[in-house]
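S.K.: What follows is a single structure, and I will ask about it in a moment.
The values are calculated or read from the model by the stated rules, or taken from the named source; none is laboratory data. Since we're looking at a predicted model, the values are computed, not measured. Quick reminder, even Gly has a Cβ in these numbers, built from the backbone with ideal geometry, and neighbours come from all protein chains shown. All accessible areas refer to the heavy atoms of the entire protein, side chains included, with ligands and DNA or RNA removed. Shrake-Rupley method; radii C 1.70, N 1.55, O 1.52, S 1.80 Å.
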Amino acid sequence: MNWKLAILIVAALGVVIGALIAIGVAPSDAFLQILKGSVGTPGAIGRTLRETTPLLILGVAVFLGLRGGLFNIGVEGQFLIGACVAASLGLKVPGILGVLLAIVGGAIAGALWAFPAGWIKAYRGGHEVISTIMLNNIAFHLTTGLVAGPLKAPGQQSTTTATLTDSTKLPMLYSAPPLTINIALIFALALVAALALWLKRTVAGYELNAVGANPKAAQFAGVDVRKVTVWTMLASGAIGGLAGSCQVLAYEHRFYEGFSPGYGFDALGVALLAGSSPWGVVPAAGLFGILSTGSSFISAALQIPKGLNGVLIGLIIIVFAAFRYRRSRSNG
Amino acid sequence: MSTIVSMTGITRRFGAVTALDQVDLQVEAGKIHALVGENGAGKTTLMRILYGGLDADAGVIEVEGQSRHFRNSAEAIASGIGMVSQHYSIIPELTCLQNLMLGAEPGLWIAERDAEARATELATRMGFEFSWRAPAGSLSPAGAQKLEILKLLWRQARIMILDEPTAMLSPADGDALFVSLKQLAAEGDTIILVTHRLPEVLQHCSHVTVLRGGRNVAHAAIGEHETPDAAQLAAWIVGHEVPEVQIEAVAPGKPVLEIRSLRVRGDRGEEAVKGISLRLHEGEVVGLAGVDGNGQRELFQALIGVGTVLEGSVLLDGRDVTRDGPVERLRQGVRLIPEDRHEEGVVEDWSLELNAALGLQRLEPLRSGLWVDVGERRALAGAIAERFRTKHGGLGLPMRSLSGGNQQRFVAARALALKPRVILAFQPTRGLDIEGTLAVYAALRETCRREGVCAIVVSFDLDELLEQCDRVVAINGGALFEPKPGEERDRAAIGRLMVGAA
């Protein structure tokens with residue numbers, strides 16, 4: 001911690017406090033309300049956990065890509081494609097079989113959606129950030145088109161699919177309304193644990209880390225860098241698609257236009273905040289969940305714009321990125 | 001005889017480390033002055049202070065009798081001091097002329113014809129020849145070195161600092177370079193030569209200053225009485241007598257690696273290796289002498305299984321492995337000490353422990369099935385660090401916390417671990433000082449003798465190879481040349497083979 005960083009943090013706080021004062025809200029009040037609206041009541045906790053689930057899974061997807069040297073900005077698109085495929089499969093095949101099909105189908109769809117970006121990066125040298133941004137656009141318009149046309153529920157005014165039957169939903173693990181916890185959250189945590197173990201203890205995980213940290217050294221160590229790049233993108237995309245499946249099966253129970261409020265983009269921040277350990281994704285996703293739920297709450301309670309959430313998250317990322325940058329420079 | 005550069009009492013600290021402690025350097029005008037010492041002795045730090053790349057904490061710098069303090073290299077060059085570092089700063093896409101002028105163009109508008117005339121004049125003075133409109137990327141290492149020196153002359157430098165200028169040159173090119181440098185000195189320019197090569201110092205320089213551990217150890221004039229010999233210089237540099245290397249002859253065992261008329265395609269589609277045949281036996285360390293860029297890299301790529309083999313074959317223990325990929329070769333015992341350890345040999349952000357497995361990650365006992373055996377990895381990391389006494393603060397610390405020489409020790413030791421069969425070493429002693437160099441070669445020979453392994457060592461330093469290897473072959477233009485019987489240790493003969501003049 002040096003004085004430059006301290007100034008940065010003070011400046012960031014200043015921006016938020018200044019903005020709050022400008023719109024006539026006492027800053028201390030706002031922060032209390034954020035906490036109250038996100039973790040203050042059982043219902044609020046339930047909402048926060050629900051918000052945290054997709055951020056957690058998508059954060060894992062981005063994190064895995066980063067470890068392998070890929071900045072997968074495309075998780076938003078993979079999330080949409082996975083959700084759309086999961087919803088249509090779940091509607092076709094009801095019951096437990098449908099749930100399994102939707103999970104696997106969503107993951108495969110996400111992987112396929114990510115594949116071009118990985119292939120182009122590995123074999124044509126095109127940067128994955130550009131290609132995944134393009135794929136995001138295509139995914140958004142494609143799923144919107146599908147849900148407005150062939151997938152649209154008959155007799156519905158809005159552009160949405162029909163709703164899944166109760167037997168095709170992921171069950172609640174704990175249900176004492178207003179506090180409910182879906183089993184999807186446990187899936188997400190298990191995914192973090194599995195990834196942590198895989199990266200640390202398997203030869204494949206070691207090689208993936210090597211490719212991310214120094215592709216040239218990895219090549220000299222006998223690693224097929226191109227193959228690892230493609231597989232990393234496929235895996236990252238599959239987890240992105242899986243997040244979409246879980247969102248449909250656990251919470252939304254349908255697919256509709258405007259399905260994602262930008263979870264894929266928030267997940268970039270989650271992965272960045274997580275640092276170098278997969279376990280870091282958990283608190284990072286939790287923090288983003290709290291800020292998101294809390295600021296929705298105060299925008300209603302204190303009549304302030306919902307954009308405050310975005311401002312807060314943006315400032316956190318900037319401060320953190322500056323801190324990380326400083327640390328890596330001082331090492332070198 | 002006038003002193004042109006006088007540095008007195010120069011002290012520089014980096015944190016708790018004192019890199020330079022009250023160092024003096026007096027350089028006479030019109031001389032070639034050698035500055036020698038081990039890695040970390042403070043040579044580079046001292047030179048950076050002289051040309052404005054670094055500030056001294058204490059001390060006085062006088063140039064031509066005037067006290068000077070350069071805040072950056074632009075100020076230094078304006079006062080006539082310039083430096084050519086080991087890593088050339090030539091941009092291959094620009095022409096030779098553009099490179100020459102870069103940053104010192106004669107005005108807003110460049111009259112190419114006038115510039116070219118002036119460039120040719122400079123070159124002729126030095127006895128160099130350049131086609132100024134050709135891209136600089138087409139220059140040989142010797143040509144690039146010459147262009148760097150001309151860049152200094154273009155900027156009207158009269159005091160030139162050259163850092164290991166002959167490191168990448170053949171003996172013949174190196175000698176030619178010194179003829180030019182002596183010409184410059186005769187005209188009154190001053191050259192400070194930073195080098196590891198002691199024969200160069202004794203043959204071409206008029207003075208030598210020795211640094212050790214950031215202090216002055218010795219200063220001597222060469223060519224007068226009481227001129228130090230190479231052994232004396234080496235003793236000053238290291239701090240104690242350096243034993244002469246005695247290579248005990250080996251009775252060649254059975255063949256391990258056999259290369260049969262191998263032709264390999266290079267990165268630019270050209271045929272980089274043109275029909276090389278070579279047989280290595282158990283216990284043998286073979287030196288591959290050659291100027292950089294004569295097919296050494298492509299030959300090694302083909303041997304580790306990433307090159308494009310056009311024709312010919314590679315046999316390991318009698319088995320054809322030409323079609324095997326890198327993983328398979330590693331399993332069969334092919335090990336590489338890569339050229340650029342930062343880029344190719346280690347992951348600097350990783351701990352020593354993680355780096356210990358790099359390249360060996362798929363081999364038993366580091367791997368059991370799909371899993372990494374963490375205990376074995378830790379044990380191996382300890383053994384590797386122990387082998388050449390890598391100085392480190394803990395196996396869990398990142399690789400970047402090690403100095404370059406210590407990283408190289410680690411990388412070399414790793415290549416000797418887990419039952420190698422063939423060790424391919426590309427400049428394994430690059431950046432190592434005398435002691436490190438001796439240790440690496442001794443371990444290489446010992447491993448080869450004891451475990452029945454063979455090794456190919458690529459180096460651009462013929463003296464080192466002649467001193468340390470069982471036999472030396474030359475590579476030139478992608479073809480291999482073996483010295484004639486009776487000339488196996490003949491420096492001049494092998495030097496001629498390296499440039500195709502035999």
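S.K.: Can you spot a residue in the stretch B:221-231 that is part of a helix (DSSP H, G or I), out of contact with any Lys or Arg (no Cβ under 8 Å at 6 or more places or on another chain) and farther than 25 Å from B:Ser180 by Cα?
M.R.: Yes, the stretch B:221-231 contains a residue that is part of a helix (DSSP H, G or I), out of contact with any Lys or Arg (no Cβ under 8 Å at 6 or more places or on another chain) and farther than 25 Å from B:Ser180 by Cα.
S.K.: Can you tell me which residues in the stretch B:66-76 are at pLDDT 85 or above and either within 27 Å of B:Gly143 (Cβ to Cβ) or β-branched (Val, Ile, Thr) (or both)?
M.R.: Passing the criteria: only B:Ala76.
S.K.: Still on this structure, I have one more. Touching a residue at least 24 places away in the same chain (Cβ under 8 Å) and aliphatic (A, V, I, L, M): which single residue out of A:Val248, A:Val223 fits that description?
M.R.: A:Val248
S.K.: If I go through the stretch B:286-320 residue by residue, how many of them are without any contact (Cβ under 8 Å) to a residue 12 or more places away in the chain and open to solvent by less than 10 Å² (accessible area, probe 1.4 Å)?
M.R.: Result for the stretch B:286-320: 0.
S.K.: For the stretch B:352-391, give me the residue count where each residue is over 19 Å from A:Arg201 (Cα atoms) and either touching a helix residue (DSSP H, G or I) at 6+ places or on another chain (Cβ under 6 Å) or within 11 Å of another protein chain (Cβ to nearest Cβ) (or both).
M.R.: So the count comes out to 5.
S.K.: Looking at B:Arg449, B:Arg489, B:Arg400, can you tell me which residue is outside any helix (DSSP H, G or I), open to solvent by 40 Å² or more (accessible area, probe 1.4 Å), modelled with pLDDT under 90 and of a type in the set (Lys, Arg)?
M.R.: Sole residue among the options that is outside any helix (DSSP H, G or I), open to solvent by 40 Å² or more (accessible area, probe 1.4 Å), modelled with pLDDT under 90 and of a type in the set (Lys, Arg): B:Arg489.
S.K.: While we're looking at this one, here's another question. Quick one: is A:Ala114 assigned to a helix (DSSP H, G or I) and crowded, with 24+ Cβ neighbours inside 10 Å?
M.R.: yes
S.K.: While we're here: Select from the stretch B:408-436 the residues that are at pLDDT below 85, crowded, with 23+ Cβ neighbours inside 10 Å and of a type outside the set (A, V, I, L, M, F, W, C) and write down the one among them that is nearest to B:Gly253 (Cα to Cα).
M.R.: Across the stretch B:408-436, the extreme among qualifying residues is B:Thr429.
S.K.: Quick one: B:Leu97 ticks every box in (1) closer than 16 Å to B:Ile161 by Cβ; (2) open to solvent by less than 60 Å² (accessible area, probe 1.4 Å) bar one, so which box is it?
M.R.: With (1) closer than 16 Å to B:Ile161 by Cβ; (2) open to solvent by less than 60 Å² (accessible area, probe 1.4 Å) applied to B:Leu97, the lone miss is (1).
S.K.: Looking for whichever is part of a loop (DSSP other than H, G, I, E, B) and of a type in the set (Val, Ile, Thr) here; the options are B:Val217, B:Val245. Which one fits?
M.R.: B:Val245
S.K.: Further, regarding this structure: What are the residues in the stretch A:24-80 that are open to solvent by 40 Å² or more (accessible area, probe 1.4 Å), out of contact with any helix residue (DSSP H, G or I) (no Cβ under 8 Å at 6 or more places or on another chain), at pLDDT 90 or above and not in a loop (DSSP other than H, G, I, E, B), if any?
M.R.: Matches in the stretch A:24-80: A:Pro42 only.
Here's the yes/no breakdown for (1) closer than 19 Å to A:Leu66 by Cβ; (2) at pLDDT 95 or above; (3) within 20 Å of the chain's Cα centre (by Cα); (4) not small (Gly, Ala, Ser):
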{"position": "A:Ala194", "(1), (2), (3), (4)": "yes, yes, yes, no"}
{"position": "A:Leu208", "(1), (2), (3), (4)": "yes, yes, no, yes"}
{"position": "A:Ser236", "(1), (2), (3), (4)": "yes, yes, yes, no"}
{"position": "A:Ile239", "(1), (2), (3), (4)": "yes, yes, yes, yes"}
{"position": "A:Glu257", "(1), (2), (3), (4)": "no, no, yes, yes"}
{"position": "A:Leu272", "(1), (2), (3), (4)": "yes, no, yes, yes"}
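S.K.: If you don't mind, there's one more thing I want to ask. Quick check on B:Arg341: is it open to solvent by less than 20 Å² (accessible area, probe 1.4 Å) and within 12 Å of another protein chain (Cβ to nearest Cβ)? Spell out how you get there, then give the answer.
M.R.: Working: open to solvent by less than 20 Å² (accessible area, probe 1.4 Å): no; within 12 Å of another protein chain (Cβ to nearest Cβ): yes.
Criteria not met by B:Arg341.
S.K.: Please count how many residues of the stretch A:206-217 are open to solvent by less than 60 Å² (accessible area, probe 1.4 Å), more than 8 Å from every other protein chain (Cβ to nearest Cβ) and under 13 Å from B:His342 (Cα atoms).
M.R.: Qualifying residue count, the stretch A:206-217: 0.
S.K.: Right, something else. From the list A:Pro283, A:Pro261, which residue is open to solvent by 10 Å² or more (accessible area, probe 1.4 Å), assigned to a helix (DSSP H, G or I) and either within 21 Å of A:Ile9 (Cα to Cα) or free of Cβ contacts under 8 Å to residues at least 24 places away in the same chain (or both)?
M.R.: Details: A:Pro261 fails: assigned to a helix (DSSP H, G or I).
The match here is A:Pro283.
S.K.: Condition (residue is hydrophobic (A, V, I, L, M, F, W, C), away from every other protein chain (no Cβ under 14 Å), under 26 Å from B:Gly405 (Cα atoms) and not in a loop (DSSP other than H, G, I, E, B)) applied to the stretch B:301-309: is it met by at least one residue?
M.R.: no
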